[in-house]
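J.: For reference, the structure I am asking about is given below.
The values are calculated or read from the model by the stated rules, or taken from the named source; none is laboratory data. Here the structure is a predicted model, which is why all the values come from computation and not from measurement. Quick reminder, even Gly has a Cβ in these numbers, built from the backbone with ideal geometry, and neighbours come from all protein chains shown.
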Amino acid sequence: MRTVPLPPIESSDVMADPFSSFGSSGCCQCKFEDTSYMGTACGSLPAFMMLVQSLMMARCDISDPCRRLGRNELPEGEWYDFIIVGAGVAGPVLARRLSDNPWWKVLLVEAGPEEPTMTALPGIAFNAVNTALDWKYLTEPTQPHPTACLESAGVCSWPRGKMVSGTGGLYGMMYVRGHPEVYNKWARMGNVGWSYNEIEHYFERAENPKSAEMVRSSKFARTREGGPVYIDHFPHKPDFSEDLLSAAKELGHRTGWLNGYNQTGFMVAPMMTQHGLRGTTSRFYLRPVAYRKNLRVLTNAHVSKVLVNKWTSVAYGIEFIDKTGRKRVVKCDKEVILTAGAIGSPQILMQSGVGPKEHLTKVGIRTIKDLPVGGNLHNHVSVGIRMSINDTPYETFTLDSVNEFLENRTGSIASTGLTQVTAFLESSYSAMGVPDLQVFFDGFSSKCPRTGIPTECPDGVLGACPTRREIVARPTVVVTETRGYMKLRSADPLDPPLLYPNYFQSDKDIKILVQGIKAVVRLTQTTAMKKWDLQLDTKPHPWCLGYHFGTDAYWECLIRVQTGPENHQSGTCKMGPVGDPSAVVDPQLRVHGVTNVRVADASIFPIVPNSNPVAAIIMVAEKAADLIHDAWNYE
Ligand SMILES: Cc1cc2nc3c(=O)[nH]c(=O)nc-3n(C[C@H](O)[C@H](O)[C@H](O)COP(=O)(O)OP(=O)(O)OC[C@H]3O[C@@H](n4cnc5c(N)ncnc54)[C@H](O)[C@@H]3O)c2cc1C
C-alpha cells in the first residue's frame, strides 16, 4: 500500500468530470490510499513498469484522489437507513441513487481497498487478475467425473475483483445490453415488470453515448446524452481489426452496430471508457458525489452476515470483519441490499441462515429461512482457438505510447487491443433470432513490458522477434443449458465457497461451441485475411492426439481439456415469483420470507443475458433503486 498524505477533502475540490482536473496540482491536496499490484502482476516489477506506475500514481487527473470516498473506519455509533454490501458494479449505482435522497443515510461496504490508479489503464486491463485484488476462486470438479478444465484436474479458475469497482476493476469494459428476448423470457417466468419494454428505460437512464457516430446512429436512438455511464469507442484499435470485420462481411455476416433485436454480426464494441480511462460504476456514479454527507464508503471490511431477527425475520444490520480483523456490527433502519456479486451475495445469505436448510444444518448454521440460495449457478463458457498472422509481435506498451497517453489520452494504452472486436452468432440451436454464441478475440495487448523500447518482443528480448503474432479467437456459448450450484465450505465466512459449475453436463452446450469453432476457422479462408496470412495453429493438443485434428470429436476433446470458464457467473439468488420453488428473491428483488433484505446484482438473473453482463447488472441496480424509492417514499 502506498499512501499519498494530503489534507481532507473539500467539496470545492470535487470535480464533476475528472478530466477538468487535468494538469491541475490543486487536487493533489487530497488523501487516497492507493494499491500497488504491478509487482505481483509482473512477477518482478521491471524498472520501466515501476516508472510508469509512479508516473500514473502521481498524476491527479489519473489517480483522481479528491473524489475517492473509501475509508477504512466508520465513526462509532452512526446509524444508516440503507446498508449496501459490495462496491462492485451494482453497489455504486445503488449508493448514488439512494443517497440522491438527502434524508437517507447510506453506507456502502466493500471487502477490498479503493480502486487502484493502475486499473484505470485499459492497455493493461487484466493485470489485476491473480493479485491481492482478485478473490481467485477455484471451482470444484463435476461429480462424479470432471467434465471441463481437464488440463487442471477439472478445476477452473474464476477471477473476481476485490476492490471498489469489483470485477469492474479487471473487466474488458465491453458494453452490450443483450437480446431483448432474454428479458422477455424473464417476464414470462413470472417476473412482472421485467420485460424488455419495461426495463429498457433503465438502460437509457444509465447510458451516456459519447461518440458522434453513436449519438447519430439508431443504436442509442432513445437514449438522451447525460446518463452517468460514458460509452465510447476506444480511441485506438489495431489495423487488423478493420480487416477482421471485412473478412466477416465476406462470409456474409452483418458488421456494424449490434443492438436490441439486431444483435447478430461482428462489431468493434462500444466500451465503458472516459477520456482514455477504464470506465467503472465507481468512477461514474460515486466519484461525482464524493462530497455527499449522507453517503459513506467503508473499505477493507468483509461482511460476514446480515443480521436478521430470528423471531420476526426482519433484517436490521450487518456484521463485518474490519481491516484489523475485529468483528463489528453496524445497524440500519430500512434495508440491507446485497450487491456482492454472484458468489458473494449468496455466500453472505447462507452465512446469515438464509439458504437450503439441509446444507446449512450440515455446516452448523441455524436456518432462518429455507431457500434454494446457491442453486441455478450458471456461466458462459468458451475455448481459445490459437491462430497467428504475419506481423512482428512488437510490444504495444512503449515509452512513446506512455507519452501519447499522458498528453492526449489516446494510443494503445487507452485501448484493450483486439479484445474490442466481438461477434454474436446464431448456431443451429438458436431460436427467435437470439445469438447463442459470442466470439472474443485476443491479441495486440500487453501485460508487463520490460523496456518501453518499440522493438521489444513478447519475451522481453529486443530486436529479433518472431515473424508471426499470436491471435486467439474465443467462441463462447452465451445461451447455456447447464446449471450448477454453490455451497458453503464451512461456517467460517472467510472460507471460499464450494463452486460446482458442472460445465457441459448438457451436451447441447458443447455442440454449440463446436459450431462456434467452425465459424472462427472459416475466417482463415477469406480473401481479407490473405493479406495477414491468418493461419490456424494446427498443432494438436497432446491430450487429444487420439482424434483427427479438426473433426468434431477433436474439438470436443479440446473444449473439455482447455475450457475457458468465462467470467459471467449468474443466477445464484434467482428472481422468481412466490410459488417458484427455485426462486430466492421476488420481482421486487426482496428475499422471499425475509423482510428488509434485497439482492441486486448478477445473482438475481433467472437466465444470464446472452452477452457480457455489466450493462444488465447496471440496469438491475437502476431498477432496484426505483423499487426501493417507491417502497420507502410511500412509507
Ligand atoms: C477478466 C474479466 C473480463 C470481463 N470483461 C467484461 C466486459 O468486457 N464486459 C462486461 O459486461 N463484463 C465483463 N466481465 C464480467 C463483469 O466484470 C462481471 O459480471 C461484473 O463485474 C459483476 O458485477 P457485480 O456487481 O455482480 O459483482 P462484482 O463486480 O464482482 O462486485 C462484487 C463486489 O462485492 C464485494 N464483496 C464480495 N463479497 C463481499 C463481502 N463478504 N463483504 C464485502 N464486500 C464483498 C467484492 O469485493 C466486489 O467488489 C469480465 C469479467 C472478468 C473477470
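J.: Pairs under 6 Å by beta carbon, first residue aromatic (Phe, Trp, Tyr) in the stretch 146-175, partner surrounded by fewer than 24 Cβ atoms within 10 Å (Cβ to Cβ) and part of a strand (DSSP E or B), six or more apart or different chains?
T.: Close Cβ pairs (under 6 Å, with a partner that is surrounded by fewer than 24 Cβ atoms within 10 Å (Cβ to Cβ) and part of a strand (DSSP E or B)) amount to TRP158/TYR137.
J.: Then there is this: Residues to consider are LEU349, LEU360, LEU295, LEU338; find the one that is under 28 Å from the mean Cα position of the chain (by Cα), of a type in the set (A, V, I, L, M) and away from the ligand (no atom under 12 Å from the Cβ).
T.: From the options LEU349, LEU360, LEU295, LEU338, the qualifying one is LEU295.
J.: Still on this model: I need every pair where a residue in the stretch 116-138 that is of a type in the set (D, E, K, R) has its Cβ under 7 Å from the Cβ of a residue that is outside any helix (DSSP H, G or I), sequence separation at least 6 or different chains.
T.: Partner pairs satisfying both residue conditions: ASP134/ALA128; ASP134/PRO159; ASP134/ARG160; ASP134/GLY161; ASP134/LYS162; ASP134/LEU170; LYS136/ASN130; LYS136/PRO159.
J.: Under 23 Å from the mean Cα position of the chain (by Cα), modelled with pLDDT of 95 or more and more than 10 Å from the ligand (Cβ to nearest atom): is that true of VAL373 in this structure?
T.: Yes, satisfied.
J.: Looking only at the stretch 442-497, count how many residues are at pLDDT 95 or above, more than 30 Å from ALA519 (Cα to Cα) and assigned to a strand (DSSP E or B).
T.: 3
J.: Residue by residue through the stretch 431-466, note down the ones that are in contact with a strand residue (DSSP E or B) (Cβ under 7 Å, 6 or more places away or on another chain) and of a type in the set (Ser, Thr, Tyr).
T.: Listed by number, the residues that qualify are THR451, THR455.
J.: Just for the stretch 38-74: of the residues that are of a type in the set (Lys, Arg) and not in a helix (DSSP H, G or I), which one is farthest from ALA95 (Cα to Cα)? Spell out the reasoning first.
T.: Step one: filter the stretch 38-74 for residues of a type in the set (Lys, Arg), giving 59, 67-68, 71.
Within this subset, residues satisfying the condition of being not in a helix (DSSP H, G or I) are 59, 68, 71.
On the way: ARG59: 27, ARG68: 14, ARG71: 15 Å.
Of everything passing the filter in the stretch 38-74, ARG59 is farthest from ALA95 (Cα to Cα).
J.: Determine whether LEU133 is within 12 Å of the ligand (Cβ to nearest atom), under 17 Å from the mean Cα position of the chain (by Cα) and buried (at least 24 other Cβ atoms within 10 Å of the Cβ).
T.: On the way: within 12 Å of the ligand (Cβ to nearest atom): yes; under 17 Å from the mean Cα position of the chain (by Cα): yes; buried (at least 24 other Cβ atoms within 10 Å of the Cβ): yes.
Here the answer is yes, as LEU133 does meet what is asked.
J.: Tally up the residues in the stretch 431-447 that are in contact (Cβ under 8 Å) with a residue 40 or more places away in the chain, surrounded by fewer than 19 Cβ atoms within 10 Å (Cβ to Cβ) and more than 20 Å from LEU170 (Cα to Cα), please.
T.: Residues in the stretch 431-447 being in contact (Cβ under 8 Å) with a residue 40 or more places away in the chain, surrounded by fewer than 19 Cβ atoms within 10 Å (Cβ to Cβ) and more than 20 Å from LEU170 (Cα to Cα): 2 in total.
J.: While we're here: Please specify each residue of the stretch 565-585 satisfying the condition of being surrounded by fewer than 21 Cβ atoms within 10 Å (Cβ to Cβ) and either of a type in the set (D, E, K, R) or touching a Lys or Arg at 6+ places or on another chain (Cβ under 6 Å) (or both).
T.: ASP580, SER582
J.: Taking the stated definitions as given, is LEU107 within 16 Å of the ligand (Cβ to nearest atom), buried (at least 22 other Cβ atoms within 10 Å of the Cβ), among the aliphatic types (A, V, I, L, M) and assigned to a helix (DSSP H, G or I)? Before the answer, list the steps.
T.: Details: within 16 Å of the ligand (Cβ to nearest atom): yes; buried (at least 22 other Cβ atoms within 10 Å of the Cβ): yes; among the aliphatic types (A, V, I, L, M): yes; assigned to a helix (DSSP H, G or I): no.
No; evaluated as a whole, the condition is false for this residue.
J.: Does the stretch 526-543 include one or more residues that are more than 16 Å from the ligand (Cβ to nearest atom), assigned to a loop (DSSP other than H, G, I, E, B), surrounded by 15 or more Cβ atoms within 10 Å (Cβ to Cβ) and among the polar types (S, T, N, Q)?
T.: Yes - at least one qualifying residue is present in the stretch 526-543.
J.: Need a quick list: helices (runs of 4 or more DSSP H) entirely within the stretch 305-416 having at least 1 residues that are surrounded by 22 or more Cβ atoms within 10 Å (Cβ to Cβ), on the phi < 0 side of the Ramachandran plot and out of contact with any helix residue (DSSP H, G or I) (no Cβ under 9 Å at 6 or more places or on another chain).
T.: Values: elements: 341-351, 357-363, 399-408.
The helices (runs of 4 or more DSSP H) meeting that bar are 341-351.
J.: Then there's this: Starting from the stretch 531-552, keep only residues that are on the phi > 0 side of the Ramachandran plot, then list their pairs with residues that are modelled with pLDDT of 95 or more whose Cβ atoms are within a distance under 6 Å, requiring at least 6 positions of separation or different chains.
T.: If the second residue must be modelled with pLDDT of 95 or more, the pairs left are ASP533/ASN390.
J.: Is it fair to say TYR171 is buried (at least 18 other Cβ atoms within 10 Å of the Cβ) and within 10 Å of the ligand (Cβ to nearest atom)?
T.: Here the answer is yes, as TYR171 does meet what is asked.
J.: Follow-up. In this structure, is SER603 small (Gly, Ala, Ser), closer than 23 Å to GLU140 by Cα, more than 13 Å from the ligand (Cβ to nearest atom) and touching a residue at least 12 places away in the same chain (Cβ under 8 Å)?
T.: It is false that SER603 is small (Gly, Ala, Ser), closer than 23 Å to GLU140 by Cα, more than 13 Å from the ligand (Cβ to nearest atom) and touching a residue at least 12 places away in the same chain (Cβ under 8 Å).
J.: Right, another one. What number of residues in the stretch 96-151 are charged (D, E, K, R) and more than 19 Å from SER282 (Cα to Cα)?
T.: 3
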